[in-house]
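The values are calculated or read from the model by the stated rules, or taken from the named source; none is laboratory data. Predicted model only: the values in this text are computed from it and were never measured. Positions of Cβ are generated from backbone atoms using ideal geometry, with glycine treated the same way; all protein chains shown enter the neighbour counts. We work out accessible area using only protein heavy atoms, side chains counted, and drop any ligands, DNA or RNA first. Shrake-Rupley method; radii C 1.70, N 1.55, O 1.52, S 1.80 Å.
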Amino acid sequence: MSDEQISGALAPTRDAALSRPDFPFTRVARRLGIDPAEAEMALRDDERARAAISRTVGEFLEADDARRAGRAPRTAIGLDPDFPTGVGMALVGAAVLWDARDLVPRVALRVAKDHYEDGADELAASYIALVQESLDPGEDSEDDAVAWAAQSLLVSVLQRSGSPAQADEVARDLAAHAIPIQLWRDDDPTLPDESMAWHGGAFVGGIPPRRDERSLSYEDVHDYMNTLLAEMRREQQAEGDGD
């Protein structure tokens, strides 16, 4: 899918989401480091919203690097009770909804790793799909490394919860392109000199990442956002009851 197609597909979804009377502007603004007093105005400004998402994604990756290195969290985002996985999922949702496609892969890969390590293989596979649907083959060497890292994580997911034959097929594809089988374990994956550019063939043989044979994609991201909004509304109601 081209950037133009993605933008066209998401614009109605974004407009519809922001037009809902129960859209949690204040909560989303806080998540993105925007002054709650300016929440609605800021989130209706696509350029400003994307800038906030970009800044928050950078803060998230820095805090997650510190966590993975065993350092205690010191930043607000690192101290968030939903950090890292919940915060990462929210940022992926925001990046997709506001069409900040370039910000999706690295965060989605971290979320996929967390889900895999928590035993949630279907969620891990969905985020693996989203990583690779967000990248264009051979466009950038750093993007290639992220895509191949997601591909290597897919082998582990399939070995545990999928088909051993499919896992072997993906593993052989990695080997043919000189990609380390454990590349996904690197916090900042880089490819060896002899490795080849990612070819875009993420799901060999049409591997379904979920039982309903759907992956988390741009076309159905509104389903994820609806779930996220519902969770936010429940949290707001719970906070109101507590007050």
When every residue in region 140-154 that is acidic (Asp, Glu) and more than 10 Å from His199 (Cα to Cα) is compared, the one most open to solvent (accessible area, probe 1.4 Å) is Glu142
Can you name every residue in region 44-74 that is exposed (fewer than 15 other Cβ atoms within 10 Å of the Cβ), more than 16 Å from Gly88 (Cβ to Cβ) and among the small types (Gly, Ala, Ser)? Ala69, Gly70, Ala72
Selection within region 111-134 - surrounded by fewer than 23 Cβ atoms within 10 Å (Cβ to Cβ) and aliphatic (A, V, I, L, M): Ala120, Leu123
In region 75-110, residue farthest from Ala129 (Cα to Cα) [restricted to those that are β-branched (Val, Ile, Thr) and either surrounded by fewer than 24 Cβ atoms within 10 Å (Cβ to Cβ) or modelled with pLDDT under 95 (or both)]: Thr75
Trp198 - would you say it is within 18 Å of the chain's Cα centre (by Cα) and open to solvent by less than 30 Å² (accessible area, probe 1.4 Å)? no
So if I check each of Val146, Val104, which one is closer than 18 Å to Asp187 by Cβ, within 11 Å of the chain's Cα centre (by Cα) and in a helix (DSSP H, G or I)? Val104
Pick out the one residue from Asp168, Asp212 that is over 18 Å from the mean Cα position of the chain (by Cα), modelled with pLDDT under 60, over 30 Å from Ala69 (Cα atoms) and open to solvent by 40 Å² or more (accessible area, probe 1.4 Å). Asp212
Among residues of region 20-43 being of a type in the set (Lys, Arg) and either farther than 15 Å from Phe60 by Cα or open to solvent by less than 50 Å² (accessible area, probe 1.4 Å) (or both), the residue modelled with the lowest pLDDT is Arg20
List pairs: first residue in region 176-188 and free of Cβ contacts under 8 Å to residues at least 24 places away in the same chain and part of a loop (DSSP other than H, G, I, E, B), second residue polar (S, T, N, Q) and open to solvent by less than 70 Å² (accessible area, probe 1.4 Å) anywhere in the structure, Cβ distance under 9 angstrom, at least six positions apart or on different chains. Ala178/Ser195
Meets criteria (in contact with a Leu (Cβ under 8 Å, 6 or more places away or on another chain), farther than 24 Å from Thr13 by Cβ, surrounded by 21 or more Cβ atoms within 10 Å (Cβ to Cβ) and modelled with pLDDT of 85 or more) for Val157: no
Breaking point among (1) buried (at least 16 other Cβ atoms within 10 Å of the Cβ); (2) out of contact with any Ser or Thr (no Cβ under 7 Å at 6 or more places or on another chain); (3) among the hydrophobic types (A, V, I, L, M, F, W, C); (4) modelled with pLDDT under 75, for Ala230: (1)
Report the residue count in region 16-73 for those that are farther than 25 Å from Arg110 by Cα and among the polar types (S, T, N, Q). 2
